1. Taking into account only those residues within segment 1-47 that are among the polar types (S, T, N, Q) and either under 19 Å from S90 (Cα atoms) or modelled with pLDDT of 95 or more (or both), which is most open to solvent (accessible area, probe 1.4 Å)?
2. Quick check on my filter: what residues within segment 100-145 are buried (at least 19 other Cβ atoms within 10 Å of the Cβ) and away from the ligand (no atom under 16 Å from the Cβ)?
3. On the given criteria, is V75 touching a helix residue (DSSP H, G or I) at 6+ places or on another chain (Cβ under 6 Å) and modelled with pLDDT of 95 or more?
4. Only one residue in F23, F66, F74 is in contact (Cβ under 8 Å) with a residue 40 or more places away in the chain and within 19 Å of N10 (Cβ to Cβ), so which one is that?
5. Any idea which of (1) at pLDDT 95 or above; (2) open to solvent by less than 30 Å² (accessible area, probe 1.4 Å); (3) within 16 Å of the ligand (Cβ to nearest atom) is the one A50 doesn't satisfy?
6. Suppose we filter Q96, Q179 for residues that are under 26 Å from R45 (Cα atoms) and open to solvent by 40 Å² or more (accessible area, probe 1.4 Å); which single one remains?
7. Among the residues of segment 141-154, count how many are in contact (Cβ under 8 Å) with a residue 12 or more places away in the chain and under 22 Å from S198 (Cα atoms).
8. Can you tell me how many residues in segment 194-206 are open to solvent by 40 Å² or more (accessible area, probe 1.4 Å) and within 13 Å of the chain's Cα centre (by Cα)?
Amino acid sequence: MNLESMITANEALQRLREGNQRFVAGMRSIDSLVKQMQREDFIERHSPFAIILGCSDSRVPAEIIFDQGLGDLFVIRVAGNVVAPSQIGSVEFAVQQFCTPLVVVLGHSRCGAVMATLEEIERPSDENSSNVLSIVSRIRPSVELLLETDLRNDPGQLLKAAIRANILASTNNLRHGSQMLEQLLLDGRLTIIAAEYSLETGVVEFITDI
Ligand SMILES: [Zn+2]
């Protein structure tokens, strides 16, 4: 536990917001550049101020889109930002080790994993491995509901809604993912919020409140 460097969830969110604003403006903070040259300082300890559970998509690297440096973020990336036991365990680990106050579940526009899930529902294929299907099956429940609405006639809007629904489902799954996380949330020692990154603008929109 690294209590002396603990910041609040609000302060952590503010750092992420400001970092994303720099990224959108095409700037990098001196701080993240300096940290890169101070690699040795992080050999024995680190105290990341936020946990990011995001998609593996190469266009959404958390450290870059939030303009953060070495030791700043504890990042878990998995296709479709799904929440399976190993992701929950990673969040528990980080919260226990570093008292990190904020988790951001980060999805993004044009997410290939969500597209693949829509494709699988509409045209089931036997080409996907059981491992890929384990990701699709976690995205599927929130996406399937949308196909029962008028959105099924509008592929563009359907994809947008499916991406948003998947982010919110992952956030909910993480919030109720373990007794430990539920208790930390109840005690106000942890905050889990949802966000969506736009490939088009570079902006991260925080879609749930602290
Ligand atoms: Zn994705």
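1. Keep residues of segment 1-47 that are among the polar types (S, T, N, Q), which gives 2, 5, 8, 10, 14, 20-21, 29, 32, 36, 38, 47.
Now drop any that are not either under 19 Å from S90 (Cα atoms) or modelled with pLDDT of 95 or more (or both), which leaves 2, 8, 10, 14, 20-21, 47.
Details: N2: 25, T8: 71, N10: 97, Q14: 87, N20: 9, Q21: 122, S47: 39 Å².
Checked segment 1-47; the qualifying residue most open to solvent (accessible area, probe 1.4 Å) is Q21.
2. T100, P101, L102, V103
3. When the stated conditions are applied, V75 passes them.
4. Working: F23 fails: within 19 Å of N10 (Cβ to Cβ); F74 fails: in contact (Cβ under 8 Å) with a residue 40 or more places away in the chain.
Exactly one of F23, F66, F74 is in contact (Cβ under 8 Å) with a residue 40 or more places away in the chain and within 19 Å of N10 (Cβ to Cβ), namely F66.
5. (3)
6. Exactly one of Q96, Q179 is under 26 Å from R45 (Cα atoms) and open to solvent by 40 Å² or more (accessible area, probe 1.4 Å), namely Q96.
7. Filtering segment 141-154 down to residues in contact (Cβ under 8 Å) with a residue 12 or more places away in the chain leaves 141-147.
If we keep only those that are under 22 Å from S198 (Cα atoms) as well, we get 142-143, 146.
Residues meeting the conditions: 3.
8. Residues that pass the stated criteria total 1.
The values are calculated or read from the model by the stated rules, or taken from the named source; none is laboratory data. In this text, all values refer to a predicted model and were calculated from it rather than measured experimentally. No Cβ is skipped: glycine too gets one built from the backbone with ideal geometry, and neighbour counts run over all protein chains shown. Ligands, DNA and RNA are stripped out before the accessible areas are found, and what is left, the full protein with its side chains, is counted by its heavy atoms. Shrake-Rupley method; radii C 1.70, N 1.55, O 1.52, S 1.80 Å.
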